[in-house]
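One structure is given below, encoded as structure tokens.
The values are calculated or read from the model by the stated rules, or taken from the named source; none is laboratory data. Nothing here was measured: the structure is a model prediction, and the numbers come from that model. Glycine gets a Cβ as well: all are built from the backbone with ideal geometry, and neighbour counts include every protein chain shown. Protein only, heavy atoms only, side chains kept; ligands, DNA and RNA dropped before computing areas. Shrake-Rupley method; radii C 1.70, N 1.55, O 1.52, S 1.80 Å.
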Amino acid sequence: AATAPGKKITARLKRTLPVRGPQAPTLSELMRWYCLNTNTHGCRRIVVSRGRLRRLLWIVLTLSAVGLILWQCAELLMNYYSASVSVTVQFQKLPFPAVTICNINPYKYSAMKDYLYELDKETKKALETFYGFSEGKSKVRRSVEDWNSTGSDFFEQIPLLKVEDFSRTATELHSGQKRKIEGSVFHKDSSIVNSGDSNDIIGFQLCDANNSSECALYTFSSGVNAIQEWYKLHYMNIMAQIPLEIKEKLSYSAEDLLLTCFFDGLSCDKRHFTRFHHPLHGNCYTFNSGESGTILSTSTGGSEYGLQVVLYIDEADYNPFLVTSTGAKIMVHDQNEYPFIEDIGTEIETAAATSIGMHFTQSRKLSKPYSDCTETGADIPVENLYNKSYSLQICLHSCFQKAMVESCGCAQYAQPLPAGAEYCNYKRNPNWMYCYYRLHEKFVKEQLGCQQICKDACSFKEWALTTSIAQWPSVVSEDWMLRVLSWDKGQKLNKKLNKTDLANLMVFYKDLNERFISENPANTLVILLSNFGGQLGLWMSCSVVCVIEIVEVFFIDSLSIVLRRQWQRAKKWWSGRQQGRAAQATASDVERQGHENPACIDEDLPTFTTALRLPLPQDSPLPRTPPPNYSTLRLETAFTEQLPDTLELGQH
Amino acid sequence: MNLKKYLVRALHRLQKGPGYTYKELLVWYCDNTNTHGPKRIIKEGPKKKLIWFFLTLLFASLVFWQWGILINTYLSYNVTSSLSIGFKTMKFPAVTICNANPFKYSEVKPLLKELDRLIEAALERILQPTPGNSTENVSLPLDLELWNQIPLVLIDEHDKDNPIILDIFDTNQTAVDNETATDSRANKKYKLAVKLCSHQGSENCTYRNFSSAAQAVTEWYILQSTSILSKVPLHERIRMGYQAEDMILACLYGAEPCNYKNFTQIYHPDHGNCYIFNWGMDEEALNSSNPGAEFGLKLILDISQQDYIPYLSSAAGARLMLHQQKSFPFLKDQGIYAMAGTETSIGVLVDELERMGYPYSDCTVNGSDVPVKNLYSQYNTSYSIQACLRSCFQNHMVEICGCGHYMFPLPEGVNYCNNEDNPGWAYCYSSLRASIKQRQICIDSCKETCNDTQYKMTISMADWPSEASEDWIFHILSYERDMSTNVTLDRNGIIKLNIYFQEYNYRTISESAATTIVWLLSSLGGQFGFWMGGSVLCLIEFGEIIIDSLWITIINVIGWCKGLKQRRARARYPDAPPTVSELVEAHTNLGFQPEPGRAPALPPEPGTPPPNYDSLRVQPPDPLGPDSDTE
């Protein structure tokens, strides 16, 4: 009882929507039918054309049209992920960028004396031995005394060497003994081959502490670079052992660095600056870092409305070996961006007013699949060690630091510490320098894979700077300016300021035009489809309907015809085997099948009456009177033209 | 009757059309339309019919949906940018050269004498650790009138909550606080501030604090000197500034010599006399067709640093700016410094941005549609956003303070502010300048120009003249200028400038519309073609069908009305037979059939019953297959 209604429905469905195969009996019939009835233009011509040549021509044309369509559509698909660039300029109130200012010298030399005493002594000694340079007689005498009294740690660990190129022997500074160089020689400065009669080259040798035969010798074409590099290695080693709080105290305070500050026509002071400790530049101060929650903005361009600061650069307190230039370094960056001031900072001269005009450009790239950039950096398998938003630079540095911790067991001084690691120093990691140099070399040669992992960020802000310098203070205003600035500095500074201790800096927007360069997808799906439609329509007047037709005819119908024929053949073969005598009867089966097929006698063909679903004039369909033979008419007129005729006939 | 005639004619016309009923019409449409889907609906078996019906519907709705998207895209007026970089012969930019110092101190000294003495005395007092041994007694008595208009005060911030304000020249107070003052000064808690009052002696005062005394002194001096200089007539001010023949010592453009006469003088409030090379106001702008320093502008300038006003400008050098022809140089915004005693080389790249105007972006072509009166038009210069912003500020200033600021041009019938006529101007000006609201109004009302040209400069510097060549260069230049054998120049005053085009001298970003009407049409066509194989003609067909069906509706309604009338008439005269003509009309014209309900049921009846051709089907059909037999 339960199945009865279901069966009824299926039976009814079968009745109203009978399943039928294709009308055409054979494949060629099907093709012919398709060509005559399809909506595409070429096919019909093939069938209708008379003459073999013409038919061939049409076949070729149709096929080439199909080929063209496929080619063009493939082209369209391949160009789908292309981007167009748009540049918009907007004049508006602009957020002022963060401006980070550092003294080039990281720590006060006077305060660092305790830590660097040994190292400086050694350096001076090296200078004297190699170049005969001494700072003054009294000092020399003292250092000679020291030479004999204290053993030098530094030279034992990493000796400075004088290399004689031909013999590949090196004279060690401290002991004076000669030894053969083993391992590879690296020219750190340049690959230019020294001329034969050149002086001896200075360098240092780094050895694997565990395996002393593994050594690498780094040579420099100039002693200046060699000494500085060598000094820096030891310096980093010493600094790595000093905790951060002490280092901050050793460096310049905000009061030390900033004498005056003026922003947007209003006075500002050290409260507007955020301290930021940079491993190589000591205490840096960031103006408008956004840490207080508000970001200052400018609504007027021009030098008066920007940031104006006078910096106090205490030239006398500079470390003579670490830094050899005087001044400050500044960097203009976004609040979320980490200032890589050692890489891309701008240097500022003392006794001069540096005016920096900015021009703001914001760029945005499209991320995947348009280009290989990253939106937030979350999809990069490198942990961001910096507490700032992602950038390529951050990724590379973090990646290197990670590799460093993995292979050397300690972290490099210039970059932030990963969790659980500590900075390298000799006491704990006697081997680190060799390891670091090896790793750094690999990094530079792109063997660490960092350059492959790290992608550039999709959006970035850029401040294009125009820097110009004027003399400051001017000759006539120097006198009062220095007096007043000394008063500003306060009483604790007893000496009068010198103009070479001062630097004036102006950072301002040249104009408030923000250029926004963005990539937009050149194509959307809608446009792609339109282009497809255009191509299909142009060559063949085809549409999706045609595509469906093609699928229907070439796949479903053809397949079912083939299957049907196979089935018939199998059936015939079977029945022939069963009763050999009935072979003749089945022979005609194949031919008859198409026409006998109920589908071919198509009651749905839109005759006038059937199309209108008019009731048939007589209920009984069978003929009562023999019909006149109007078959001749068929040859002359096609059905579609017949319809109006019929109507007219009907009326008269 | 006319109407009836017309209707009859229309009806006849309709008869030539596809059908008499909606269904007939639809079938005819489906069979004959050029769009691909509908044909299928009527051509095949019931199941396919259903499928095709839905497919057609789906495709039609897809087409409309995507058309909506396309039209939306078009109406958003997107632009695409194209970038071109290269070298071409271009107009050499106009070069404005000024001295950082506006006037020769030797010329303005009489005017500023009082002021300088005041500030010197004030500094003496401020800087003096112990105020006892001041040299004040020796000097002439000070004229405190200037001071009292805008005084500088010391603010003792020892006690944060109620700071003590000390007037510097108030002798009583300093005497009383003698000891405490020295104490606290030792602690460095003093700050300088400028006292600004809306009227002299009124209570409505503000203190502009400065973290640094140097800043405070400079600001104060600028306010005071502005007030003094604004009373001086323009020609006098021009005379006090630097003259072209003193400043521009040598000039060479490409291979052609030029001199100070090739420069146009303009008075700039910040920098005094400025000189513009190649401004293009009177003569044609110069072209440069070669890159490199050899083909650019070479200048030697003297800024005579000894003659600077000490308190007004502390930076020394030349101020220069590259800008477009016929535009006003806004040196404070776009200008750069050139340092004395150096050779400054400036490689120029012209960075142009050409934008489409409304509706693609909100920019103005010549500033005529900006609601701010451009005060810089008196210089005959073209519109720029800087000019607009400054004009906007000056207009506000005139409106609120009643006088114009010295740094900007004046509207008609207004005078510059000075302390005598407008005692409260400094207060009014600084409150206006600090007002964010005022700035925002100006930003909102000014529009940027559609063609934005910037000169990207690559600046490099070297010491000049070299020590070896110093002597003869100074000698020759001094001789040429002053006709004397004495050397009147020195390292602190001399500047060499090279301005030239770089190897690639232009970078042009030009916008073009991303979506034109042609694009829209071809996209619409593409969509329609892609889903349904249709074209505009198909749309017309569809419209035709709608008109047809409207006609059918009208005819049906008319027929129904007529039928109603007839039925009523028949009800009145039930036996009245129809006339012959009526009968004929009824047969010939289906539309006038009295009863619309009967119309579809009517078989085509021309008197004799038609033969039943359906019987033909019994015979095997023609091999060509789908033929119908209605005849």
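Given A:T26, A:T88, which one is within 46 Å of the chain's Cα centre (by Cα) and within 14 Å of chain B (Cβ to nearest Cβ)? Selected residue: A:T88, the only one of A:T26, A:T88 that is within 46 Å of the chain's Cα centre (by Cα) and within 14 Å of chain B (Cβ to nearest Cβ). Entry remark, segment B:68-102: residues being closer than 21 Å to B:M532 by Cβ and within 9 Å of chain A (Cβ to nearest Cβ) number 3 in total. Each residue in segment B:196-242 was checked for being open to solvent by 30 Å² or more (accessible area, probe 1.4 Å), more than 21 Å from B:D116 (Cβ to Cβ) and out of contact with any Lys or Arg (no Cβ under 9 Å at 6 or more places or on another chain), and 10 of them qualify. Based on what the data block shows, is A:I527 surrounded by 15 or more Cβ atoms within 10 Å (Cβ to Cβ), at pLDDT 85 or above and within 9 Å of chain B (Cβ to nearest Cβ)? Yes; evaluated as a whole, the condition is true for this residue. Is segment B:279-298 home to any residue that is at pLDDT below 90 and facing another protein chain (nearest Cβ under 10 Å)? No, that holds for no residue.
Would you point out the residue of segment A:58-101, among those that are farther than 26 Å from B:Y360 by Cβ and of a type in the set (S, T, N, Q), that is surrounded by the fewest Cβ atoms within 10 Å (Cβ to Cβ)? Among residues in segment A:58-101 that are farther than 26 Å from B:Y360 by Cβ and of a type in the set (S, T, N, Q), the one surrounded by the fewest Cβ atoms within 10 Å (Cβ to Cβ) is A:S64.
This table checks each residue for (1) buried (at least 17 other Cβ atoms within 10 Å of the Cβ); (2) facing another protein chain (nearest Cβ under 7 Å); (3) hydrophobic (A, V, I, L, M, F, W, C).
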| residue | (1), (2), (3) |
| --- | --- |
| A:S459 | no, no, no |
| A:A470 | yes, yes, yes |
| A:P473 | yes, yes, no |
| A:N498 | no, no, no |
| A:W539 | yes, no, yes |
| A:F554 | no, no, yes |
| A:Q566 | no, no, no |
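The helices (runs of 4 or more DSSP H) located wholly in segment A:378-458 that include 2 or more residues which are at pLDDT 85 or above and under 25 Å from A:S289 (Cα atoms) occupy A:392-408. Regarding B:R239, is this residue in contact (Cβ under 8 Å) with a residue 24 or more places away in the chain, basic (K, R) and within 14 Å of another protein chain (Cβ to nearest Cβ)? So B:R239 does not fit the description; no.
Listed by first and then second residue, the pairs with beta-carbon distance under 7 Å, at least 6 apart or on different chains, first residue in segment B:538-552 and touching a residue at least 60 places away in the same chain (Cβ under 8 Å), second among the hydroxyl-bearing types (S, T, Y) and open to solvent by 90 Å² or more (accessible area, probe 1.4 Å), are B:S549/B:Y22; B:I552/B:Y22.
Residues in segment B:328-350 that are over 21 Å from B:I248 (Cβ atoms) and touching a Ser or Thr at 6+ places or on another chain (Cβ under 7 Å) were compared, and the one that is surrounded by the fewest Cβ atoms within 10 Å (Cβ to Cβ) is B:G347.
Table: residues versus (1) out of contact with any His (no Cβ under 9 Å at 6 or more places or on another chain); (2) surrounded by 17 or more Cβ atoms within 10 Å (Cβ to Cβ); (3) at pLDDT below 90.
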{"position": "B:R9", "(1), (2), (3)": "yes, no, yes"}
{"position": "B:G17", "(1), (2), (3)": "yes, yes, yes"}
{"position": "B:N32", "(1), (2), (3)": "yes, no, yes"}
{"position": "B:R40", "(1), (2), (3)": "yes, yes, yes"}
{"position": "B:Q66", "(1), (2), (3)": "yes, yes, no"}
{"position": "B:T80", "(1), (2), (3)": "yes, no, yes"}
{"position": "B:A94", "(1), (2), (3)": "no, yes, no"}
{"position": "B:N99", "(1), (2), (3)": "no, yes, no"}
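Of all residues in segment B:448-469 being open to solvent by less than 50 Å² (accessible area, probe 1.4 Å) and at the interface with chain A (Cβ under 10 Å from one of its Cβ atoms), which is nearest to A:Q471 (Cα to Cα)? Checked segment B:448-469; the qualifying residue nearest to A:Q471 (Cα to Cα) is B:I459.
Where strands (runs of 3 or more DSSP E) sit wholly within segment A:229-339, those with at least 3 residues that are crowded, with 21+ Cβ neighbours inside 10 Å occupy A:258-263, A:282-287, A:307-312, A:328-333. The condition (being outside the structural domain of A:M358 (by the TED database), of a type in the set (A, V, I, L, M) and touching a residue at least 40 places away in the same chain (Cβ under 8 Å)) is satisfied by just one residue among A:A421, A:A414: A:A414. When B:D282, B:D246, B:D307 are checked against the criterion of being open to solvent by less than 40 Å² (accessible area, probe 1.4 Å) and either touching a residue at least 24 places away in the same chain (Cβ under 8 Å) or not assigned by the TED database to the domain that holds B:I119 (or both), a single residue qualifies: B:D307. Here the condition is being more than 27 Å from the chain's Cα centre (by Cα) and farther than 29 Å from B:A216 by Cβ; of B:A426, B:A387, B:A462, it holds for B:A462 alone.
Only one entry of B:G367, B:G341, B:G347 meets the criterion of being of a type outside the set (D, E, K, R) and at pLDDT below 90, and that entry is B:G367.
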